[in-house]
Amino acid sequence: MFYYKEARLIRKRNNIKLKELAKLLEISSNTLYRWETGISKPSSNDIRILAVLLRCSVQKISDFDEWSLPDIHASSEFGESNKLDILIKEYVDLPEKFILSIRKLISINKKYKKENTILAKKVNRYEQILNQSSTIVYVLDVNFKFRYVNHAFVLMFNQLTTEDIIGYKASDIFGLKDVYEMIQYEKKAFNVRDAVYDKKIFIPGSKKTKTGLLSIEPQIREDGSVYELICNIVDITEINNAMCKLENIKRLVELSEDIFILMKDDYSKYELVSKSFEKITGYSVDEMRNNTDFWKTYIHPEDYEKYFPIKNLTLNQKVTRKYRVVNKNGQTSWVEARKYFKFDQDSGCNLLYAVLRDISGSVEKDRILQILKNNLDVSKVGITLLDVSKGIIVYRNSVMTILTGYTVNAVNKVGINSFFEKNIHKDDIDKVLKLCNNKTSYLDCCTKFRFLRKDGKMRLLEMLAQNISYEKTIYQLRVHMDITDHPEHGKFI
């Protein structure tokens with residue numbers, strides 16, 4: 001490594017001008033300026049020549065080993081004295097043999113100039129590639145000081161340049177607390193002389209808002225010693241955030257009582273099965289995930305066609321199926337499955353999304369209600385179920401339509417109170433409305449009232465009413481009977 005700051009300081013201390021030293025080296029002033037500012041680096045030969053011209057050791061301006069210059073005498077290869085000799089004698093008081101040695105080194109340097117130029121172009125090309133990469137790349141020397149950083153590294157800090165970073169430690173720039181974990185991995189790679197891969201860290205300077213994966217490759221000499229560390233950090237902040245969100249979704253899925261299933265559209269592989277599957281079926285998730293035909297174990301045989309296959313289902317088309325599930329103990333329950341296909345760009349195939357909900361309770365309720373409805377419609381009395389708070393009829397059997405001449409929709413359209421005010425005799429309306437508006441859960445009474453049918457006939461009806469509380473809602477169950485033709489007009493039989 002070339003210590004450009006030290007070389008610049010020694011030159012100025014010896015009162016050698018940059019332009020004149022550049023002539024001695026047979027390079028442009030701009031090239032020497034780039035050396036002294038760390039923008040580019042001199043070759044090992046250039047460093048050794050520079051050390052002689054600056055009258056200092058090679059170690060003073062680099063980390064290269066000292067190299068003794070050969071004692072070379074004048075030769076026709078170099079010709080007569082030229083401006084080089086004059087400048088050397090004027091600004092650097094050296095013996096003749098050192099001047100010849102310098103000229104010999106310059107000649108050697110020219111010999112490999114073409115190769116060095118090609119190599120420099122390759123290095124520049126590699127640097128361009130690294131600078132275009134979004135991956136953070138940096139190189140450390142044996143003192144853990146930055147030797148090289150790519151453009152992505154510099155972009156992390158708007159106020160720092162490459163020159164502000166090269167030659168400094170990470171702790172000098174970011175503070176030890178911010179890079180402590182990263183330094184531990186770097187020291188481990190250096191001491192153990194082994195690579196470190198994909199270690200999760202906070203990206204330096206991000207104040208723990210960005211996450212990256214750190215990898216380190218130690219560069220080892222033939223004697224087994226490490227001379228530098230090549231490191232890179234891949235920014236995984238967005239991926240990490242997405243994974244955190246995915247974990248939160250998974251937790252919500254596991255807490256849900258519904259079964260969530262994700263699988264390929266050909267039913268060849270289960271991608272996801274939620275834990276609720278075990279609760280409903282009694283079988284473990286692993287039993288299902290490892291056997292694509294396992295559905296035959298818990299689906300009721302008579303419902304196979306409802307479960308598999310789903311024929312003619314297009315992408316994004318949703319279907320809902322209800323079928324029976326037989327659990328491990330042989331008990332049968334009902335589930336409602338909502339399924340649809342969606343194309344997954346990551347896997348490149350269609351995935352089947354399914355959400356299964358245990359509907360055994362609602363299926364049983366529907367069955368009981370259907371039995372009641374079938375029997376109530378052939379009853380000899382009119383039956384009405386009223387939501388007291390909303391004032392609407394939620395159920396009415398067909399006998400009530402015969403008794404009144406009005407349908408449920410006709411009553412709900414005008415409202416139950418308005419309907420009674422219009423059709424009940426004026427002398428009976430108050431007691432009927434008082435009964436209908438009673439929202440207490442303990443109502444249980446009987447009353448008689450005169451009712452005007454749709455055909456204009458006045459009939460005498462007897463009504464039994466009882467309030468029922470269900471899921472914080474008050475319902476009023478009414479039983480009506482036409483007693484107009486009864487000889488005692490009011491005695492309920």
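Between residue 374 and residue 241, 0.36 nm times their residue separation minus their Cα-Cα distance comes to what? It would help to have the intermediate numbers written out before the result.
Details: separation 133, 0.36 × 133 = 47.88 nm, distance 5.68 nm.
Contour length minus the Cα-Cα distance gives 42.2 nm.
Out of all Cα-Cα pairs in region 377-482, roughly what percent, to the nearest whole number, are more than 17 Å apart?
Details: 2769 of 5565 pairs.
Counting pairs separated by more than 17 Å, the tail of P(r) holds 50 percent.
Which pairs break 24 Å Cα to Cα here: 121/188; 318/365; 41/207; 187/207; 41/208; 380/413?
Working: 121/188 34 Å; 318/365 26 Å; 41/207 33 Å; 187/207 22 Å; 41/208 34 Å; 380/413 26 Å.
Violating the 24 Å limit, Cα to Cα: 121/188; 318/365; 41/207; 41/208; 380/413.
Which distance in nm do the two modelled labels at residue 331 and residue 26 give, with both placed 7 Å along the Cα-to-Cβ direction?
Placing both labels 7 Å along Cα→Cβ, they lie 9.7 nm apart.
So between residue 64 and residue 316, what do we pick up on full extension, going 0.36 nm a residue minus the alpha carbon distance? Don't jump to the answer; show the numbers that get you there.
Working: separation 252, 0.36 × 252 = 90.72 nm, distance 6.72 nm.
Gain in length upon complete extension: 84.0 nm.
With each pseudo-label sitting 7 Å past Cα toward Cβ, what's the residue 208-residue 144 distance in nm, one decimal?
2.0 nm
Under the classification rounded if a/c is under 1.5, otherwise prolate if a/b is larger than b/c and oblate if not, where does region 222-290 fall, given a ≥ b ≥ c as square roots of the Cα gyration tensor eigenvalues? Walk me through the intermediate numbers first.
Working: a/c = 3.39, a/b = 2.46, b/c = 1.38.
Verdict is prolate for region 222-290.
Quick one: putting +1 on the C-beta of Lys and Arg, -1 on the C-beta of Asp and Glu, what dipole do you get for region 122-239 around its Cα centre, in Debye to the nearest 20? Walk me through the numbers on the way to the answer.
On the way: 15 positive and 16 negative charges, 42 e Å.
Rounded to the nearest 20 debye, it is 200 debye.
Measure off 7 Å from each Cα along the Cα-to-Cβ vector at residue 55 and residue 431, then give the distance between these two points in nanometres to one decimal.
Label-label distance for residue 55 and residue 431, simple model: 13.2 nm.
Give the calculated FRET efficiency between residue 464 and residue 305 to the nearest 0.05, with a Förster radius of 45 Å applied to their Cβ-Cβ distance.
Values: r = 48 Å, r/R0 = 1.06.
Efficiency, from the Cβ-Cβ distance: 0.40.
To the nearest 0.05, how large is the calculated FRET efficiency for residue 350 and residue 256 if R₀ is 22 Å and r is the Cβ-Cβ distance?
Working: r = 24 Å, r/R0 = 1.10.
Taking R0 as 22 Å, the efficiency between residue 350 and residue 256 is 0.35.
Compute, for region 377-482, the length of the dipole vector about the Cα centre, with Cβ point charges of +1 (Lys, Arg) and -1 (Asp, Glu) only. Units Debye, rounded to 20. Please list the in-between numbers first.
Numbers: 17 positive and 11 negative charges, 48 e Å.
The dipole of region 377-482 has a size of about 220 debye.
What is the gain in length, in nm to one decimal, between residue 297 and residue 162 on full extension, counting 0.36 nm per residue of separation less the C-alpha to C-alpha distance?
Values: separation 135, 0.36 × 135 = 48.60 nm, distance 6.59 nm.
Result for the pair: 42.0 nm of gain on full extension.
Sort largest first and round to whole Å: the equivalent ellipsoid semi-axes of region 122-239, each the square root of five times a Cα gyration tensor eigenvalue.
Working: eigenvalues 85, 61, 42 Å².
The equivalent ellipsoid of region 122-239 has semi-axes of 21, 17, 14 Å.
Each value in this text was obtained by applying a stated rule to the coordinates, not by laboratory testing. The shown structure was predicted, so the numbers you read here are calculated from the model rather than taken from an experiment. So basically every Cβ, Gly included, is an ideal-geometry build from the backbone, and we count neighbours across all protein chains shown.
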